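Student: The structure follows.
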């Protein structure tokens, strides 16, 4: 806890009212909140030399206003991947009785950037230093977790509290007088304003607005320099006792209009805790998380996850396997880059086999088939496998399993791809036709495909890399990110085909301030061909047609 902040432990007594009811607890959201806090903190391969770790802190960053608006006012948006100087959450709270005594607790959390400077035995700043025992220390940017709490009665009015952090410095002497590490933090000035407005006898609208009140000094300073005065990965936790938050995703018919009128800038509020039984009048919870990353209501961290890998867009098993394959030299650099990276390496190196095995094949959508459905599924699978070249008896044996996995609601990849820059299990396809489905990926199956140059035919227009399109996500089955991008223009980066035979277009959104950065990383949004509309009647060349020899002259021409 930073000096000068309101300590949640110190305010604990204020959260218990005369009835002796316990305070709203945030422990049930701690794992998800920490995943938000450290999302993108340090990406695999966790080394300072990795290009992706030279452009850090992408979510929920609140800079000084003079630096953000050096070229004009910021454009509000629901996602926190754009740089801003404030973050605003609006949500609905429904009380059981108009005269009920309800306590509200608000916690603002963020990271404060600190500069880790390595100095040699003479006190001179150096980029790296190797001690006598072979341990390497690197100059790098770290971050410290900060949080501030307030507890108030739920009633109309305004409350303001400070959430900033003071400047500070710490020195760590290295063994045998080899040098030292100095960590310096610059002041972060920020405040949060809480406003409660009664909309009806049993309904309140809450507004939580956190703003960076500091100044960058140099409005043209580099982003890395301005980050030292910023709040990073800023998010808000809210809890009520004796009332309930209403889902803005599924508010129920009676509150749909009130939910639609809630304005959220650079953040997205979702219900927290375990999902309750479905209610007829919409989803509710006593906990709420307002995150700069778009999430569903009641987000959960998989119970199989052994710990934080700083990358919620990846699968634990994949990252663990990749971390195991790092060379000893690469591991030394990762350990020297950041203490949290060293913790990840230690956890992977000492992971028991039974823990690793739990990371593989956790499927939660299995449902038993009835006898008739099982017979039909068996026949369908056998036919598909036989068409792909598998031996019929073996195919029938595989198809006779008693359980199958329900297909996901969204067949296309609507969310961002992996932070490593790879496509989500996709390969390229040369045209819009549906290829014969293989039993699974086979050696050489990718030969002849080129995502950057392949095309797909949409309404008579050939679309491929560089084509302008308008996004038209389907209504049902689309995730939150798809819906927020409806109607926006985008540029196609590549055409992919996954192992199930589906075609996907990888796109970057044109008015996304980070579009160029996403393209450099290889991080895209993925849409099916029927979810995009070609613009301008443009038609990219068909490389397959260009490669074909021209036909000979017709008889009349001869």
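Student: With the checklist (1) in contact with a strand residue (DSSP E or B) (Cβ under 9 Å, 6 or more places away or on another chain); (2) modelled with pLDDT under 95; (3) more than 25 Å from residue 116 (Cβ to Cβ) in hand, flag the one item residue 256 doesn't pass.
Tutor: Every condition holds for residue 256 apart from (1).
Student: Just to verify a result, which residue in the stretch 163-181, among those that are surrounded by fewer than 17 Cβ atoms within 10 Å (Cβ to Cβ) and assigned to a strand (DSSP E or B), is farthest from the chain's Cα centre (by Cα)?
Tutor: Taking the candidates together, the pick is 173.
Condition check ((1) modelled with pLDDT of 90 or more; (2) in contact with a strand residue (DSSP E or B) (Cβ under 6 Å, 6 or more places away or on another chain); (3) surrounded by 21 or more Cβ atoms within 10 Å (Cβ to Cβ); (4) under 29 Å from residue 75 (Cβ atoms)) across all residues:
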site: 467; (1), (2), (3), (4): yes, yes, yes, yes
site: 476; (1), (2), (3), (4): no, no, no, no
site: 494; (1), (2), (3), (4): yes, yes, yes, yes
site: 497; (1), (2), (3), (4): no, yes, yes, no
site: 514; (1), (2), (3), (4): no, no, no, yes
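Student: Kindly list the number of the only condition in (1) in contact (Cβ under 8 Å) with a residue 24 or more places away in the chain; (2) surrounded by fewer than 18 Cβ atoms within 10 Å (Cβ to Cβ); (3) under 24 Å from the mean Cα position of the chain (by Cα) that fails for residue 219.
Tutor: (3)
Student: Go through (1) farther than 24 Å from residue 111 by Cβ; (2) at pLDDT 95 or above one by one and return the number of the condition residue 163 breaks.
Tutor: (1)
Student: Given the residues 155, 69, 127, which is the only one that is free of Cβ contacts under 8 Å to residues at least 40 places away in the same chain and exposed (fewer than 14 other Cβ atoms within 10 Å of the Cβ)? Walk me through it before giving the result.
Tutor: Numbers: 155 fails: free of Cβ contacts under 8 Å to residues at least 40 places away in the same chain; 69 fails: exposed (fewer than 14 other Cβ atoms within 10 Å of the Cβ).
Within the list 155, 69, 127, the selection yields 127.
Student: Against the definition (under 30 Å from residue 332 (Cα atoms) and either touching a helix residue (DSSP H, G or I) at 6+ places or on another chain (Cβ under 8 Å) or modelled with pLDDT under 95 (or both)), how does residue 145 come out, yes or no? Let's see the steps before the verdict.
Tutor: Values: under 30 Å from residue 332 (Cα atoms): yes; either touching a helix residue (DSSP H, G or I) at 6+ places or on another chain (Cβ under 8 Å) or modelled with pLDDT under 95 (or both): yes.
Against the criterion (under 30 Å from residue 332 (Cα atoms) and either touching a helix residue (DSSP H, G or I) at 6+ places or on another chain (Cβ under 8 Å) or modelled with pLDDT under 95 (or both)), residue 145 qualifies.
Student: Still on this structure, I have one more. Restricted to the stretch 183-211, and to residues that are over 29 Å from the mean Cα position of the chain (by Cα) and touching a residue at least 40 places away in the same chain (Cβ under 8 Å), which residue is farthest from residue 91 (Cα to Cα)?
Tutor: By that ranking, first place goes to 201.
Student: Can you tell me which residue among 240, 232 is in the same structural domain as residue 42 (by TED's automatic domain parsing), crowded, with 21+ Cβ neighbours inside 10 Å, under 30 Å from residue 339 (Cβ atoms) and under 27 Å from the mean Cα position of the chain (by Cα)?
Tutor: One residue alone meets the criteria, 232.
The values are calculated or read from the model by the stated rules, or taken from the named source; none is laboratory data. In this text the structure is predicted, and so the values were computed from the model without any measurement. No Cβ is skipped: glycine too gets one built from the backbone with ideal geometry, and neighbour counts run over all protein chains shown.
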